[in-house]
Every structure is written in structure tokens, then in C-alpha cells.
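The values are calculated or read from the model by the stated rules, or taken from the named source; none is laboratory data. None of these values were measured; they are calculated from a predicted model. Cβ atoms come from the backbone with ideal geometry, glycine included; neighbour counts cover every protein chain shown. Calculation scope for accessible area: heavy atoms of the full protein, side chains included, ligands and nucleic acids excluded. Shrake-Rupley method; radii C 1.70, N 1.55, O 1.52, S 1.80 Å.
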Amino acid sequence: MTTSNDDILRALGRVEGRLTGIEDSVSHLRDELSDEKDNAHESRAVIHRRLDEQARQIHLLDMTVTVSSNVDGQIREEIKTLKDTVEKNHEAVAPTLEEWKKMKTLGYGISGLIAFAGLTIGGIIAYASDGAVAALRHWLKIN
């Protein structure tokens, strides 16, 4: 059996149609794969940015801890120095404070004596003033 040209052309047309369909399908698959590839690339870029940010934050935290521990050590040394200075000053000032307390107590005693003397003199003047008034009236001859 011989095939005619028309049959061959029809067969070629069907093959060509199938090839066109296959090309369209392959093109569609390539587009989808390209989109997936772009999405995967963008996702990896986001992950890398996050990892870089985490690394930067960890580095800053390490630096903060290092600086903080150094400052803590310096503060402890300063506190120790200040404590020693305060203790030395207290030892140096303690005798002076004791003297001051003694002087203060002596001052209260002297103030009490002055007050007592003032009351005594005031009482004497009050007692004597009655006699002085009587003598003055007698001298001026006032009744």
C-alpha cells in the first residue's frame, strides 16, 4: 500500500502540531522553573541578610560584654581605692572628732555656768533693786 502525499502531509501536520504543543509545554515549564529559581534566589538572599544581621548583633554583644567586664573591673578598683582612702581619712580624723566632742561638752558646761551666773546676778539685781528703789525714793523724798 502506498501512501499518498496527502496522507504524509497530514501525518507531518499532526507531528508538527504535537511538536508545537510540546514546545509550548516546555516553554511553560521553563517559565515556571525560572520563577521558582528567582523565588529560591530571593529567599536565599533574605536568609543571608538575616544571618549577616545575626552575626553583626552577636559581634556587638561580644564587644558590649567585653567593654562591660573591663568597666566592671575598673569600677571595682576605684571602689577599693575609695574605700581605702575613706578608711585612712577616718583614722586621721577620728582623734580630731573626739577632741571636738570634748570641746562641745565643755562648751555646754560653760554655757550652763554662764546661764546660772546670769540667773544668780539677775536675782541679786532684782532683790537689790527693791532696796535701791526705796533708797532713791527716800533720797528724792518721793512718797
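Observations on the model:
- Estimated at 0.36 nm per residue, the fully extended path between residue 28 and residue 124 surpasses their Cα-Cα distance by 21.6 nm.
- Computing Cα extents along the principal axes in Å for the structure here picks out one of [x] 56, 40, 24; [y] 185, 50, 16; [z] 57, 30, 27, namely [y].
- For the stretch 5-36, the residues whose amide N sits under 15 Å from a probe point set 7 Å from the Cα of residue 45 along the beta carbon direction are 35-36.
- Protein accessible area in the stretch 24-143, 1.4 Å probe - carbon and sulfur %: 64 percent
- Principal-axis analysis of the Cα atoms of the chain puts helix 5-140 at an angle of about 0° to the longest axis.
- For the pair residue 65 and residue 88 in one chain, pulling the backbone fully straight at 0.36 nm per residue adds 4.8 nm over the alpha carbon distance.
- The residues of the chain have, on average, 94 Å² of accessible surface per residue, using a 1.4 Å probe with all protein chains present.
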